[in-house]
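Notes for the one structure printed next.
The values are calculated or read from the model by the stated rules, or taken from the named source; none is laboratory data. Since this is a predicted model, take the numbers as computed values, not measurements. When we count neighbours, we look across all protein chains shown, and the Cβ atoms used for this are built from the backbone with ideal geometry, even at glycine. Heads up: the accessible areas ignore ligands, DNA and RNA and are worked out on the full protein's heavy atoms, side chains in. Shrake-Rupley method; radii C 1.70, N 1.55, O 1.52, S 1.80 Å.
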Amino acid sequence: MISQSITDHLPAGEPLPIPAGFRAAGVRAGIKESGAPDLAVLVADGDCAAAGVFTTNRIAAAPVQWDRALLPSTKARAVVVNSGNANAATGAQGLADARRTATRAAEVIGCEPGQVLVASTGVIGHQLPMEKVEAGLARALDAAAAGEGAFRAAAGAILTTDTHPKLVARSVEVAGAAVNLLGMAKGAAMIGPNMATMLGFLLTDARVGPADLQAILRDAVDDSFNCISVEGHMSTNDTVLLLASGGVDRPALNGKDLDVFKHLVRDCCADLARMIPEDGEGATHLITIEVEGCADVAEARAIARAVADSPLVKTAIHGADPNWGRIVSAAGYAGVPFEESELSLWLDGVPLYRGGVPLPFDDAAVSGRLRSERDVQIRLALGRGPAKARFWTCDLTAEYVRLNADYTT
């Protein structure tokens, strides 16, 4: 098996393996006042199997409503993404604009509007500037290409407050042939399960049926994008889409080959998910929370999320303060019925609390590591069973407050 992962904010290694049958583009449509790229297209040369997972927020953006009604599908042909405007809480006009965007793209591509998926991200409660969207869409579709630069441009055009694009490319050998998977995502704040203010798009040249594709994506999202948090605020626009072109003369994956593909999707989603809190607004630390020894995964995730969403834990990490009492306190209110004597805690590998009893440790050494290292590891263990979970979050900083206080002004 050959596997590689490449991200835009790291030095480029091997050329990006682009899945066969796809083209992309990213352009400046003028949606953002900054003039930054703000419209991307992902176009398939033929009908694709497609699956999607979306926010569970009762206030669901118009693009979410449009896509949910279409997926899973056997005939997807394109995804149109705009940034700078969420097209959320926009009523009937917002849904009409989502439909209009799909219709305009379909006219150029030569397909039906229901074969075009749409996604938006940005400020909530503003109607889309459709003249700008349509003009930008025409340019993007005309520019769509299969080269690496085109996909990097698309990954850049979907960003809002992100500091860099989030792009992953992997290739595995299945049944003697290479299967490519490319994923891109955006997200830096309003991040809280289920999913976050995030968009994720995965493209593959594997041949997988829509039912299998939907199940694989759902499982991958549960273990990745549903296990990240910046401040615990669930968005209106969360969308993850997976399109499979099938390549040329590829057999449908099944059995062990389908399992290989399932792990490929899971790994890609995990890489993209981790990049989001790593790029959290104002963040100076990426925090990985491992919880083990629970009766089931739901228990482990509940504890991990309680710790991840605690402002007191997050500010302590930012201040390089090994105030472990905040961590065990958060675990205690997660709703899991454990006894205090069951709980143990490690911070960056240092045992601080075992079986409900505090342990002596070198405060200065632990604090020094928190201050000098960006990655922080929190491990919590119980004795209730074999289940475990992993969560990613980031610290909470004054810069986060400033960015969100000034976001629409």
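Structure notes:
- Paramagnetic reach from A89 (point 7 Å along Cα→Cβ, amide N under 20 Å) across the stretch 21-48: 32-33
- Stretched out straight at 0.36 nm per residue, the stretch from A211 to T315 would grow longer than its current Cα-Cα span by 33.1 nm.
- Short-range pairs are left out: with C-alpha atoms under 8 Å and at least six residues apart, the relative contact order of the chain is 17 percent.
- Paramagnetic reach from Q65 (point 7 Å along Cα→Cβ, amide N under 19 Å) across the stretch 106-143: 113-130
- Extension gain, V357 back to A96 (0.36 nm per residue minus Cα-Cα distance, nm): 88.0 nm
- Accessible surface calculations at 1.4 Å, restricted to protein heavy atoms, place the chain at 39 Å² per residue.
- Where labels lie 7 Å past Cα in the beta-carbon direction, separation of A398 and T74 in nm: 6.0
- Using alpha-carbon coordinates, inclination of helix 130-143 to the longest axis of the chain, degrees: 80
- Taking Cα centre as origin and charging only the Cβ of basic (Lys, Arg, +1) and acidic (Asp, Glu, -1) residues, the dipole magnitude of the chain rounds to 580 debye.
- Taking all protein chains as they are arranged and a probe of 1.4 Å, the heavy atoms of H126 leave approximately 100 Å² accessible to solvent.
- With both labels modelled 7 Å from their Cα along Cα-to-Cβ, the L258 to E107 distance reads 4.1 nm.
- Compared with the dominant Cα axis of the chain, that is its longest principal axis, helix 255-278 is turned about 70°.
- Residue-wise HN-Hα couplings along the stretch 356-367, as the Karplus relation 6.51 cos²θ - 1.76 cosθ + 1.60 with θ = phi - 60° gives them from phi, are x, 10, x, 10, x, 7, 7, 4, 5, 5, 5, 4 Hz; Gly and Pro carry x.
- Tilt relative to the chain, helix 297-308 - C-alpha long axis, 0 to 90 degrees, to 10: 80
- Estimated FRET transfer efficiency when R0 is 25 angstrom, pair A364-S341 (beta carbons, to 0.05): 0.30
- Value of relative contact order over the stretch 1-149, rounded to a whole percent, pairs C-alpha under 8 Å and six or more apart: 28
- Built amide H within the under 5 Å cut-off of H285, gap 5+: D395
- Taking 30 Å as the straight-line reach from the Cα of K132, the lysines in range (excluding those fewer than 8 positions away in the same chain) are K32, K75, K166, K186.
- For the stretch 300-409, the set of GluC sites (Glu not before Pro) satisfying both a DSSP loop assignment and a count of at most 15 other C-beta atoms within 10 Å is given as E339, E373.
- The stretch 260-349 - percent relative contact order, Cα under 8 Å, separation 6 or more: 22
- Residues R354, R104 ordered from highest to lowest accessible area at a 1.4 Å probe: R354, R104.
- Difference of contour (0.36 nm per residue) and Cα-Cα distance, A175 to A36: 45.8 nm
- In a reduced charge model with +1 at each Lys and Arg Cβ and -1 at each Asp and Glu Cβ, the stretch 274-360 shows a dipole moment near 140 debye about its Cα centre.
- Helix-only CD estimate at 222 nm, as mean residue ellipticity for the chain, using -39500 (n - 2.57) per DSSP H run (n ≥ 4): -10000 deg cm²/dmol
- Among A320, A105, A300: highest mean-square fluctuation, GNM of the chain, C-alpha pairs under 10 Å: A320
- Hypothetical label at A298: residues of the stretch 341-383 whose amide nitrogen lies under 20 Å (7 Å Cα-Cβ projection): 382-383
- Per-residue 3J(HN,Hα) values for the stretch 16-22, derived from phi via the Karplus relation 6.51 cos²θ - 1.76 cosθ + 1.60 with θ = phi - 60°, read 5, x, 8, x, 5, x, 10 Hz in sequence order (x marks Gly and Pro).
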